[in-house]
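Below is one structure, written out as structure tokens; the observations come after it.
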Protein chains: 2
Amino acid sequence: MATPAILALSGGVGGARLCTGLADVLPPEALHIACNVADDFRHLGLTICPDIDTVLYNLSGRNDPAQGWGLAGESWQVLEALAELDAPTWFRLGDRDLATHLFRAGRLADGASLSTVTAELAERLGIGARLYPVTEQPLATRVDTDDGELPFQEYFVRRQCQPRVRGFRFAGLEAARLQPQLAALARPGALDAVIICPSNPFVSVDPILLVEDFWQRLRDTGAPVAAISPIIGGRAVKGPAGKMLAELNLPVTALGVAQWYATRYPGLVSVFALDEEDAALAAEVENLGMRALVVPTWMRSREDKQVLARACLDGLR
Amino acid sequence: MATPAILALSGGVGGARLCTGLADVLPPEALHIACNVADDFRHLGLTICPDIDTVLYNLSGRNDPAQGWGLAGESWQVLEALAELDAPTWFRLGDRDLATHLFRAGRLADGASLSTVTAELAERLGIGARLYPVTEQPLATRVDTDDGELPFQEYFVRRQCQPRVRGFRFAGLEAARLQPQLAALARPGALDAVIICPSNPFVSVDPILLVEDFWQRLRDTGAPVAAISPIIGGRAVKGPAGKMLAELNLPVTALGVAQWYATRYPGLVSVFALDEEDAALAAEVENLGMRALVVPTWMRSREDKQVLARACLDGLR
């Protein structure tokens with residue numbers, strides 16, 4: 001039997017956790033990961049790719065399990081020295097994390113593409129799965145809020161998601177081309193399954209699915225597509241997805257997420273995974289034309305991640 | 001009496017030491033420092049300015065007195081993490097030093113000029129003297145060696161000055177414009193004195209004096225010019241100046257340095273300071289048309305720096 005090809009679409013923390021589970025239960029060469037780049041930004045002259053790095057750190061077992069982002073055992077010498085210079089410190093750059101950004105900055109300055117640098121980092125960190133930025137072109141989430149339009153990191157880190165959200169825009173979307181290896185995977189017969197990780201639908205998954213109508217290409221492959229709810233029992237496991245659902249007048253439940261995908265990407269998602277705590281919503285999810293998969297979706301331990309990964313893969317058979 | 005205006009031309013360690021002495025004995029607004037930028041280079045996406053930073057660190061009392069470059073009490077977390085990524089570590093970037101480079105990278109990315117960033121760093125480090133890069137344009141020392149032409153840091157750090165030197169070239173010199181505040185100082189009546197610090201004549205002082213014929217402009221101001229020998233008793237206090245003199249078939253003495261300046265910049269240097277250890281060379285120095293100033297030039301303590309600074313200023317009266 002040929003190696004299966006599974007494509008995971010991932011943002012940061014939740015996506016990275018499920019990718020870790022998928023990497024544990026799949027042969028290394030089977031797992032392809034399309035990473036969100038719309039929260040990438042330039043800071044202190046560096047190109048920072050928070051979602052790619054969170055996936056890299058999780059897959060290599062170097063992530064800080066407590067805070068979700070960054071590296072375990074991090075130190076903060078550079079940040080302290082930046083503070084002494086009155087330089088911006090609102091984005092918390094750890095010393096070891098900085099090495100990743102500097103490696104990337106050096107390679108990008110050499111002329112390497114973001115795809116190449118991402119592959120090099122994955123290889124140096126001993127990761128077998130393939131990671132791709134969804135696009136090589138600049139793509140930047142702008143958050144439309146009651147305080148005006150904000151760059152994503154300004155909203156997310158500096159303003160701590162306080163401003164009320166009215167919508168999102170992805171600057172650069174028209175010009176962004178799908179990363180070539182992802183474009184090759186989005187052809188009939190190339191993929192066995194697609195997994196939309198439990199990432200933020202608005203600021204992690206949308207800016208992946210919208211690049212060159214990636215979602216239509218994936219739907220047209222005929223490969224089954226599972227999406228996992230990032231909302232459990234009316235709350236996001238991590239991040240502002242719950243607050244955003246409420247501010248966009250959507251139900252702050254797994255059903256709200258399922259509705260968003262069903263409306264925005266008709267015919268794409270075939271299986272929708274929601275937590276056992278939300279089993280009562282399964283019938284309404286199925287009314288949207290998706291098969292509901294009720295499984296434990298809260299990933300705390302490594303085993304949790306593997307269990308959810310296996311459940312999704314089995315549910316897509 | 002109006003505030004005097006003293007211009008020091010400085011490379012790295014030796015220059016930074018004398019600048020510290022000058023800053024101690026002059027009113028803060030009197031001291032202007034033109035820094036060499038021809039050993040600046042791009043590394044890991046950052047613009048590294050070793051001589052400017054050495055002067056900044058010395059003037060703010062943050063320098064590592066033992067090794068001459070870098071900061072006291074430095075840590076190396078980022079460098080260790082870079083090593084784990086198999087990233088280049090031949091240029092030893094300390095954590096606190098990195099904060100300077102990141103601050104600069106961020107401001108340059110904002111569109112600030114190198115002059116502006118240098119002034120900002122000086123101000124944030126509490127330095128009263130004015131520091132200027134000799135030019136805003138790219139200027140890069142290329143070392144012609146028996147192993148071919150090498151970029152300066154490749155020769156200096158990576159190859160540890162091992163290859164035999166045949167000459168030097170300053171890439172970008174034709175297009176480089178003198179930094180505007182330095183151009184304004186190099187006008188008759190603007191300067192009371194010029195001090196060529198005990199820096200390497202070939203790779204620190206030449207790429208300052210050659211920018212837009214800075215040396216002719218300075219000579220034509222009529223201000224007295226002192227040069228201090230970086231060679232004491234046949235050896236450079238720090239760095240490859242001695243090795244370079246030998247490989248260029250010049251005497252490896254203070255006299256060799258005096259000959260270099262007298263030949264290359266006729267009529268520029270009025271006073272040449274050499275160490276008491278080299279007092280026997282004073283007559284030959286004077287034969288070159290310079291007044292010889294025999295003073296203690298080895299700067300170990302803060303007091304040594306002040307004594308040499310005062311001796312030079314007094315010698316120029």
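The values are calculated or read from the model by the stated rules, or taken from the named source; none is laboratory data. Keep in mind it's a predicted model, so treat the numbers as computed, not measured. Every residue, glycine among them, receives a Cβ derived from its backbone with ideal geometry; neighbour counts consider all protein chains shown.
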Among the residues of the stretch B:79-99, is there at least one that is of a type in the set (S, T, N, Q) and at pLDDT 95 or above? no
Mind telling me which of the residues B:A176, B:A184, B:A119, B:A129 ends up being over 18 Å from the mean Cα position of the chain (by Cα) and of a type in the set (A, V, I, L, M)? B:A184
Can you tell me which residue in the stretch A:259-275 is surrounded by the fewest Cβ atoms within 10 Å (Cβ to Cβ), limited to those that are part of a helix (DSSP H, G or I) and touching a residue at least 24 places away in the same chain (Cβ under 8 Å)? A:R264
Top-ranked residue of the stretch B:160-195 - restricted to ones that are outside any helix (DSSP H, G or I) and of a type in the set (S, T, N, Q), ranked as surrounded by the fewest Cβ atoms within 10 Å (Cβ to Cβ): B:Q160
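Here's the yes/no breakdown for (1) closer than 22 Å to B:P207 by Cβ; (2) of a type in the set (V, I, T):
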| position | (1), (2) |
| --- | --- |
| B:A109 | no, no |
| B:T116 | yes, yes |
| B:L121 | yes, no |
| B:G126 | no, no |
| B:L150 | yes, no |
| B:R158 | yes, no |
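Which count do you get for residues in the stretch B:157-179 that are free of Cβ contacts under 8 Å to residues at least 40 places away in the same chain, of a type outside the set (F, W, Y) and out of contact with any Gly (no Cβ under 9 Å at 6 or more places or on another chain)? Quick ask: steps written out before the conclusion?
Here is the first cut: in the stretch B:157-179, the residues free of Cβ contacts under 8 Å to residues at least 40 places away in the same chain are B:159-160, B:162-163, B:168-169, B:171-175.
Now narrow it down to the ones that are of a type outside the set (F, W, Y): B:159-160, B:162-163, B:169, B:171-175.
Add one more test, that the residue is out of contact with any Gly (no Cβ under 9 Å at 6 or more places or on another chain), and what stays is B:159-160, B:162, B:169, B:171-175.
Total satisfying the criteria: 9.
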Mind checking which residues of the stretch B:135-151 are of a type in the set (D, E, K, R) and closer than 16 Å to B:E247 by Cβ? B:R142, B:D144, B:D146, B:D147, B:E149
The lone exception for B:L150 - which of (1) assigned to a loop (DSSP other than H, G, I, E, B); (2) of a type in the set (A, V, I, L, M, F, W, C); (3) more than 18 Å from the chain's Cα centre (by Cα) it fails: (1)
For A:I208: the one exception among (1) part of a helix (DSSP H, G or I); (2) in contact (Cβ under 8 Å) with a residue 24 or more places away in the chain; (3) more than 14 Å from the chain's Cα centre (by Cα): (3)
Strands (runs of 3 or more DSSP E) within the stretch B:30-147 that include 1 or more residues more than 14 Å from chain A (Cβ to nearest Cβ): B:31-35, B:130-133, B:140-145
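Mind listing whichever residues of the stretch A:276-317 are part of a loop (DSSP other than H, G, I, E, B) and within 22 Å of the chain's Cα centre (by Cα)?
Taking the stretch A:276-317 first, the residues part of a loop (DSSP other than H, G, I, E, B) are A:288-290, A:295-301, A:316-317.
Result: A:M290, A:V295, A:P296, A:T297, A:W298, A:M299, A:R300, A:S301, A:L316.
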Which numbered condition in (1) in contact with a His (Cβ under 6 Å, 6 or more places away or on another chain); (2) part of a helix (DSSP H, G or I) is the only one that A:L7 fails? (2)
What single numbered condition from (1) closer than 15 Å to A:A227 by Cβ; (2) exposed (fewer than 15 other Cβ atoms within 10 Å of the Cβ) fails to hold for A:N287? (1)
Looking only at residues in the stretch B:234-258 that are in contact with a helix residue (DSSP H, G or I) (Cβ under 6 Å, 6 or more places away or on another chain) and assigned to a helix (DSSP H, G or I), which one is farthest from B:A292 (Cα to Cα)? B:M244
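May I ask you to say which residue of A:S199, A:S229 is crowded, with 24+ Cβ neighbours inside 10 Å, hydroxyl-bearing (S, T, Y) and farther than 26 Å from A:T118 by Cβ? Spell out how you get there, then give the answer.
Working: A:S199 fails: farther than 26 Å from A:T118 by Cβ.
Only one candidate passes the filter, namely A:S229.
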